[in-house]
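S.K.: I have a structure here, written as structure tokens, and I will follow up with some questions on it.
The values are calculated or read from the model by the stated rules, or taken from the named source; none is laboratory data. What you see is a predicted model, and the numbers here were worked out from it, not measured in a lab. Cβ: placed from backbone, ideal geometry, glycine included. Neighbour counts: every protein chain shown.
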Amino acid sequence: MAGGSGTRMWPLSRELYPKQFIKIFDKFSLLQKTLLRNESLGKPLVIVYEEHKFIAAQQIKEIGIDADLITEPFPKNTAPPSIIASIIAINEGFKNVLLLPADHYISDEKEYLSGINMLSNHLEKSNIGTIGIKPTSPNTGYGYIQIKEPIYKKVYKVQKFVEKPNLDLAENYIKQGGYFWNSGIFLYNPHYMIKKVKDLQKGLFDKVSESLLFATKDSVFTRLDKDSYSTIEAISIDYAIMEHSSDIIMFEANFDWQDLGAWGSLWQISEKDSNKNCFYGDVIAQDVTNSYIMSNRKLASVIGLNNIIVIDTEDALLVADKSKSEEVKQIVNQLASLGKKETREHRQVFYPWGYYRIIDIDNLYIIRHIIVLSSQILSFQYNNQSAHWVIIQGIAEIIIDTKIIKLSEKSSIYIEKSLTHELTNIGDIDLKIIEIQMSHSI
């Protein structure tokens, strides 16, 4: 499941480029890490929000994994994807479904796979299994699982699922014992899941089935039917199914795990210096402790602070008390109500053909760095402003009205306002262009 907007990790995560696609730790995004971690288990099905489909497709292609891609016209939480996966698994003859969020951090992949295999070996006793995480703090951002007696080593019967508690309840769970964080990872028999859904959520099942039945397909995407899907209730698999089921087993994880929902959780898993700080980018700090500071484009200097988050991107800056990192979502909601575009997009914007990054912008002009992938095309378009293109790398074929022009490195072209034009990367490498677009002629 690669949906979600990741608002609590703003400003790095944006509506059009949320956290699951960001390469936070290394050269792989969280989505890519999830796919690679589970590569040996079976054929992956990625369910992604419509606006993110091209990013997802490109990232899957980068790691060379053959995956099916389904797009949701609207985000509807986790229950609808679990039903979709079950229907497809039954149609294609798969024995089990492993339902995974795409934004989790897991430290020891060998132990993780061992846990999945352990659940699989005991699944006939329940038909639904999950992974529980031993709490390290009374965290109110997670749901909890209460266990009953063990059935084999670290595999337990589940007493009940509990929604995200207040602090007093969470502290009580820790003291009482027998409670685990709900990882949101589920392994289940698809036939059994469909039966449960029909018993508990018949209307939901019918609408999800209809949206899949009338889906449109091409060589890359299966697009769920918009009309059917718009009427579906947004509901989690926990509320829809798990809280009403009495035959679930849980494996107690023996690996580090984090749902990377907020900056505080990222600080917890990141490598720290002797002052328990995590610095990324060009950062100079003095008398700073227990903090996470990231600066992408410029020098950041911080003095005399403790327990803070500083995230500095090209167009937005976040400074927060680390203990308040869960509240970033409230700031994002406030910015969205004011119509701030920084909640929705970065200065770097992705398209099927590549992406562009805004270098500078003014009332009179905008300067972009455009990357067009090999063999990709910017289809015929009509500009309301004149534009000047300078080829930095690669070979471009440009059609202006009916005239065909080829340009290579260090050459340029001026496109008059109102002329239709098309650009194709006819080379084997990325085509790099600097565009200066004007609201009036140069």
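S.K.: Quick one: how many residues across the stretch 141-183 are of a type outside the set (Phe, Trp, Tyr), farther than 16 Å from Ser246 by Cβ and either in contact with a Phe, Trp or Tyr (Cβ under 7 Å, 6 or more places away or on another chain) or touching a residue at least 60 places away in the same chain (Cβ under 8 Å) (or both)?
M.R.: Total meeting the criteria: 10.
S.K.: Modelled with pLDDT of 90 or more, outside the structural domain of Trp181 (by TED's automatic domain parsing) and either at negative phi or small (Gly, Ala, Ser) (or both): does that describe Lys276?
M.R.: no
S.K.: Still on this structure: How many of the residues making up the stretch 249-291 are part of a loop (DSSP other than H, G, I, E, B) and polar (S, T, N, Q)?
M.R.: Qualifying residue count for the region: 7.
S.K.: I need the full set of residues from the stretch 214-225 which are aliphatic (A, V, I, L, M) and either more than 10 Å from Thr71 (Cα to Cα) or not assigned by TED's automatic domain parsing to the domain that holds Asn91 (or both), in order please.
M.R.: Val220
S.K.: Just name the residue that is modelled with the lowest pLDDT out of those in the stretch 7-41 that are within 19 Å of Asp312 (Cβ to Cβ) and among the basic types (Lys, Arg).
M.R.: Per the stated criteria, the residue is Lys23.
S.K.: Follow-up. Within the stretch 126-144, is even one residue of a type in the set (Val, Ile, Thr) and either loosely packed, with under 14 Cβ neighbours inside 10 Å or not assigned by TED's automatic domain parsing to the domain that holds Ala253 (or both)?
M.R.: Taking every residue of the stretch 126-144 in turn, at least one turns out to be of a type in the set (Val, Ile, Thr) and either loosely packed, with under 14 Cβ neighbours inside 10 Å or not assigned by TED's automatic domain parsing to the domain that holds Ala253 (or both).
S.K.: In addition: With respect to Tyr112, is the statement that it is aromatic (Phe, Trp, Tyr) and closer than 25 Å to Ile22 by Cβ true?
M.R.: Criteria met by Tyr112.
S.K.: Related question: Residues of the stretch 71-80 being touching a strand residue (DSSP E or B) at 6+ places or on another chain (Cβ under 8 Å) and crowded, with 22+ Cβ neighbours inside 10 Å, which ones?
M.R.: Within the stretch 71-80, Thr71, Glu72, Thr78, Pro80 meet the criteria.
S.K.: Hey, Glu314 hits all of (1) without any contact (Cβ under 8 Å) to a residue 60 or more places away in the chain; (2) within 20 Å of the chain's Cα centre (by Cα); (3) closer than 23 Å to Phe21 by Cβ but one; which does it fall short on?
M.R.: That leaves (2) as the condition not met.
S.K.: If you don't mind, another one. Output the residues belonging to the stretch 306-328 that are surrounded by 17 or more Cβ atoms within 10 Å (Cβ to Cβ), in contact with a strand residue (DSSP E or B) (Cβ under 7 Å, 6 or more places away or on another chain) and more than 21 Å from Ile269 (Cα to Cα).
M.R.: Within the stretch 306-328, Thr313 is the sole residue that qualifies.
S.K.: Here is a further query. Determine if the stretch 79-97 includes at least one residue that is charged (D, E, K, R) and either farther than 23 Å from Ile237 by Cα or outside the structural domain of Ile237 (by TED's automatic domain parsing) (or both).
M.R.: The answer is no; no qualifying residue exists.
S.K.: Which residue, of Ser246, Ser183, Ser228, Ser211, is of a type outside the set (D, E, K, R), in a loop (DSSP other than H, G, I, E, B) and in the same structural domain as Ser86 (by TED's automatic domain parsing)?
M.R.: The unique qualifying residue is Ser246.
S.K.: Just to be sure I understand, how many residues within the stretch 282-305 are of a type outside the set (Ser, Thr, Tyr), surrounded by 14 or more Cβ atoms within 10 Å (Cβ to Cβ) and farther than 22 Å from Thr140 by Cβ?
M.R.: Counting residues in the stretch 282-305 that are of a type outside the set (Ser, Thr, Tyr), surrounded by 14 or more Cβ atoms within 10 Å (Cβ to Cβ) and farther than 22 Å from Thr140 by Cβ gives 9.
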